[in-house]
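A short worksheet on the structure shown next.
The values are calculated or read from the model by the stated rules, or taken from the named source; none is laboratory data. Note that the structure is predicted; figures quoted are calculated from it, not measured. FYI the Cβ positions are ideal-geometry reconstructions off the backbone, even for glycines, and counts take in every protein chain you see. To get the accessible areas, we keep the full protein, side chains included, count just its heavy atoms, and leave off ligands, DNA and RNA. Shrake-Rupley method; radii C 1.70, N 1.55, O 1.52, S 1.80 Å.
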Amino acid sequence: MASVSTPARRAAAGSRRAGSRRAAATDRRRSPGGAGWLFATPFLVFFTLFLLVPIGIGLWMSFTDASLTGHGDGVFVGLDNYTEAFGDSQVWQTLGNTVWFTVLTTVPLVIVALVMALLVYTGMPGQWLWRLAFFASHLLPVAVVYQVWSMLFQPDRGMLNSVLQTFGMDGIAWLTDEKFAMWSIGLVTLWWTVGFNFLLYLAALQAIPDHLYEAAALDGAGAWRRLWSVTLPQLRRTTALIAVLQVMASLKVFDQIYLLTKGGPNGATRPILEYIYDTGFTNYRLGYASAVSYVFFGIIIILSLAQLKIFSRRED
């Protein structure tokens, strides 16, 4: 009996081992780790080296008297830099300029982009040309934007003042008059960056189901009623996204202001990032510049959370 049953037992044991191997292979395929971490490792390495580590170094530096010349490196000063930052009039003046620029540009960049997307979506002749024209400026580097608009803004031979003088009006000192400098930079920013928001709105418009417009048309809704009752409500999420992105981008303004006015005239257009740059790389006070940076970073975080809370309430 033993000799007869031995092959059967061996076969049963072999089938059990094969089943266990298949189950282990299935578990490995179902497990979320393994190969996923292998693919994520390059990103995590670069994310750590070029984001987390600099953030940590900058945070530590904000509590020291670090200098670009090497004087005072490693000297811990506690909260002295932050105390100085909150009492520094230049911090609040440049922060006010940054907020004013954000208010000045965010609303037009949302409304103009929406109007441009609606014009293209409704079937204007030569749509490909309009899409190219509306988005092309967004592809230009800031140096090219500076060259174009600095020529347009020239007080003597600039095209804008030539047009004004044609109608018998006096020319405007676009970049050297405190009353017009920030408005001029806002105009440049609108022309330069509106193409990205236009693209987001156009994609959102193309994603609206056609049956919503058909149902509204059957109910007798005209073009304006369909716009207010169908299109705009369907674009609510996109508008929230664009508003958040635009506020964040406007708060970080630096390039066009630095090239066009260098913060002038009399500091009327100087943003807080330019003040941080001048403090750290012109006055060599890296520790204090880091402290101002983290104060500004905290303000951005608070504004972002407030925006998200406001838009989430509207969604509800």
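Computed from backbone phi with θ = phi - 60° and the Karplus coefficients 6.51, -1.76 and 1.60, the 3J(HN,Hα) list for segment 37-50 is 5, 5, 6, 7, 4, x, 4, 5, 5, 5, 4, 6, 5, 9 Hz; x is used for glycine and proline. Counting 0.36 nm for each residue step from Arg237 to Glu178 and taking away their Cα separation leaves a gain of 17.5 nm. Take segment 137-296 with all the other protein chains still there, run a 1.4 Å probe, and you get 52 Å² of accessible area per residue. When the Cα gyration tensor is reduced to axis lengths a ≥ b ≥ c, the ratio a/c is 1.5 or higher for segment 192-316, and with a/b above b/c it is classed as prolate.
Estimated at 0.36 nm per residue, the fully extended path between Val45 and Ala217 surpasses their Cα-Cα distance by 56.5 nm. Here's the list of lysines a cross-link from Lys252 could span, going by alpha-carbon distance under 16 Å and ignoring same-chain residues fewer than 8 apart: Lys262. Here the chain is treated as a Stokes sphere of Kirkwood radius computed over C-alpha pairs; at 37 °C and 0.692 mPa s its diffusion coefficient rounds to 132 µm²/s. Among Ser162, Ser304, Ser293, the largest mean-square fluctuation in a Gaussian network model of the chain (Cα springs under 10 Å) belongs to Ser162. Taking Cα atoms only, the orientation of helix 127-136 departs from the longest principal axis of the chain by about 80 degrees. Once the Cβ-Cβ distance of Val75 and Asp255 is raised to the sixth power relative to R0 = 41 Å, the FRET efficiency obtained is 0.80.
Less than 5 angstrom separates the built amide H of Thr64 from those of Val77, all sequence-distant by 5 or more or on a different chain. Once each part is reduced to its C-alpha centroid, what is the distance from segment 143-157 to segment 173-199 in angstrom? Rounded to whole Å, the Cα centres lie 12 Å apart.
Can you give the FRET efficiency for Gln90 and Leu227, using 1/(1 + (r/R0)^6), R0 = 51 Å, r = Cβ-Cβ distance, to the nearest 0.05? According to the calculation, E is roughly 0.65. The distance linking segment 240-316 with segment 52-92 is 18 Å (Cα centroid to Cα centroid, whole angstrom). Report the paramagnetic label zone for Trp100: residues of segment 219-260 whose backbone N is under 20 Å from a point 7 Å from Cα along the Cα-to-Cβ axis. 247-260, by backbone N distance to the label point.
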